[in-house]
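The next block holds one structure in the form of structure tokens; read it before the comments.
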Amino acid sequence: MKIHKLELFKVPPRWLFLKITADDGTVGWGEPVVEGRADTVAAAVQELSEYLIGKEAGNIEDLWQVLYRGGFYRGGPILTSAISGIEQALWDLKGKRYGVPVFELLGGAVRDKVKVYAWIGGDRPADTAAAARRQLEAGYKAVKMNGTEELDWIDSNKKIEQAVERIAAIREAVGNELEIGIDFHGRVHKGMAKALVKELEPYKPMFIEEPVLAENNEALAEIARISSIPIATGERMYTRWGFKQLLASGWADIIQPDLSHAGGIWETRKIAAMAEAFDVAVAPHCPLGPIALAASLQLDFCTPNAFIQEQSLGIHYNEGSDLLDYLADPAVFEYEEGYVAKLKKPGLGIEINEEKVREMAAIGHNWRNPVWRNPDGSVAEW
């Protein structure tokens, strides 16, 4: 089964889909994208396609090695995201060729279903208590929210109090019936992160996510010393080599590689195996589209230390289209009591509605994340 053609589709709300067609007509789908840089990743996929046309589609490891090591410069969000989407599509092809879901090719299932969480509160968290109550009524067991708006390097106690009040209100609304992940989103610098973590501890969050940016991961050691809240990070880290120091240091309790950024399904499975050796849990990052979610679920079903899955249904970024809009059968992601059952169809386990993809690709998107500023006019982390 040789790789015959690659096609890219930039579709709303902010996604990039890749279709790889083999010479026998079999089709595989992947999601190579950096949010806000879809055109840049598309250009990288097109450049990498020169290595792929005419090659055996089933030789995924060898093709990955060529794409990653064939250039002098390696890694980073653009190149690794391009490789990730290509790799997902190749696994989709391989699973379809053998008539089994991808997780069956990676050792088989270790669970029958996986827990998912829903987003609440938006970019600038608001009405979180009411939203948490709605998600509990919808059957979810866990939610995640942004912990803060923008914060200066050293900011006011008022902003800390506001963040804590939101969590307190959720606990008052739903008690301990919901697990709450608090995403610092890399918006918080070390000095403020320490203060926030201490104040949030009584409310027993499920985890704190990206309490500092990945380039400041050494600060996690100090945060871990002053708090028992599990620390999660990794959505902006790439490949095994990017996670090596973090895992060896023991600073993180949960890693969150993104299968559309970190190197794809097999590379993330390798990262998860490294994490297992350090007694670290895995919660794949996925605020993206249905292909990325399907790839993440394939990983979850064959990975012992995966414990929860992010998904983007109803997330504040999904304006104009949502997670299920591009699926021929949206019921494949049906959430029952906060869980998703094993995907049983071959490949990634989903069927893309290609007619809808082509229709929406004609519209496209130009999504960019906002640029935030502090009151003095200096740039703040978003």
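Bear in mind these aren't lab numbers, they're just calculated from the coordinates by the rules spelled out. Please read these numbers as outputs of a predicted model, since none were measured by experiment. Every residue, glycine as well, gets a Cβ built from its backbone with ideal geometry; the counts of neighbours run over all protein chains shown.
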Size of electric dipole in the stretch 76-214: Cβ of Lys, Arg +1 and of Asp, Glu -1, about Cα centre, debye, nearest 20: 400
Rounded tilt (10° steps) of 290-301 against the dominant C-alpha axis of the chain: 80
Using a Förster distance of 35 Å, the FRET efficiency for LYS198-ASN369 (Cβ separation, nearest 0.05): 0.75
Cα gyration tensor, the stretch 97-216 - rounded (a/c under 1.5), prolate or oblate: oblate
Relative contact order (%) - criterion: Cα under 8 Å, at least six apart; region: the stretch 197-246: 43
Cα-Cα over 26 Å, subset of LYS204/LYS270; LYS144/LYS342; LYS19/LYS144; LYS270/LYS344; LYS113/LYS144: LYS204/LYS270; LYS19/LYS144
Cβ-defined net charge surrounding LYS144, 10 Å radius [Lys, Arg +1; Asp, Glu -1]: -4
Estimated inter-spin distance, ALA138 and GLU165, nm [label 7 Å along Cα→Cβ]: 2.6
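Can you check what the net charge comes to around ALA109, using other residues whose Cβ is under 12 Å from the Cβ of ALA109 (Lys, Arg +1; Asp, Glu -1)? Before the final figure, lay out the partial values.
On the way: positive: ARG111, LYS113, LYS342, LYS344; negative: GLU104, ASP112, ASP300.
Every neighbour counted, the sum reads +1.
Report the Stokes-Einstein translational diffusion coefficient (µm² s⁻¹, integer) for the chain, Rh taken as the Kirkwood radius over Cα pairs, at 25 °C with viscosity 0.890 mPa s.
Answer, rounded: 117 µm²/s.
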Relative contact order [Cα under 8 Å, 6+ residues apart], the chain, whole percent: 22
Net charge dipole size for the stretch 95-143 [Lys, Arg +1 and Asp, Glu -1 on Cβ; Debye, nearest 20]: 120
Chain lengthening between ALA362 and ALA273 when straightened (0.36 nm per residue, less Cα-Cα): 28.0 nm
Fully extended contour minus Cα-Cα distance, from LYS158 to GLU319, at 0.36 nm per residue: 54.8 nm
Sorted peptide list for 140-151, 235-246, 371-382, criterion being average Cβ within 10 angstrom, highest first: 140-151, 235-246, 371-382
Distance (nanometres) between label positions extended 7 Å along Cα→Cβ at ALA341 and ASP127: 3.3
